[in-house]
Amino acid sequence: MNKIKEVLRLKHESNLSLRQIARSLNLSVGVVSKYLQRAGAAGLAWPLPDNLSDTALKAQLTAAAAPGEAV
């Protein structure tokens, strides 16, 4: 979950591009895009609520995923 949180932070606080985020976190551009799309579909905004646990974050992102797609 830390990578997902870091993707959100870099996008919203640092305003980095998908490629810049991918490069800095050693992820593919597709993964970064997927994380941001799911966060948007789940209605998550940055900063994340302090009381949002990793389990709750994963549940929200999983619910926003297309059927059969893994988090």
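Numbers for the structure displayed
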| read-out | value |
| --- | --- |
| Proximal charge balance of residue 20 [Cβ under 14 Å; K/R count +1, D/E count -1] | +2 |
| Virtual spin-label span in nm between residue 48 and residue 33, 7 Å along Cα→Cβ | 2.3 |
| For q = 0.16, 0.19, 0.25 Å⁻¹, Debye-computed log10 I/I(0) when each Cα of the chain counts as one equal scatterer | -0.51, -0.72, -1.20 |
| Stretchable slack from residue 41 to residue 6, in nm (0.36 nm times residue separation minus alpha-carbon distance) | 10.8 nm |
| Relative contact order of segment 2-48, defined on C-alpha pairs under 8 angstrom at six or more residues apart (%) | 37 |
| GNM top mover of 26, 15, 51 - the chain, alpha-carbon springs below 10 Å | 51 |
| Only Lys, Arg (+1) and Asp, Glu (-1) charged, at Cβ; the chain dipole about Cα centre in debye | 240 |
| Helical mean residue ellipticity (222 nm; -39500 (n - 2.57) per DSSP H run of 4+; nearest 500) of the chain | -17500 deg cm²/dmol |
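Every number in this text was worked out from the coordinates using simple rules, so none of it is lab data. Here the structure is a predicted model, which is why all the values come from computation and not from measurement. Note that each Cβ is placed from the backbone with ideal geometry, even for glycine, and that neighbours are counted across all protein chains shown.
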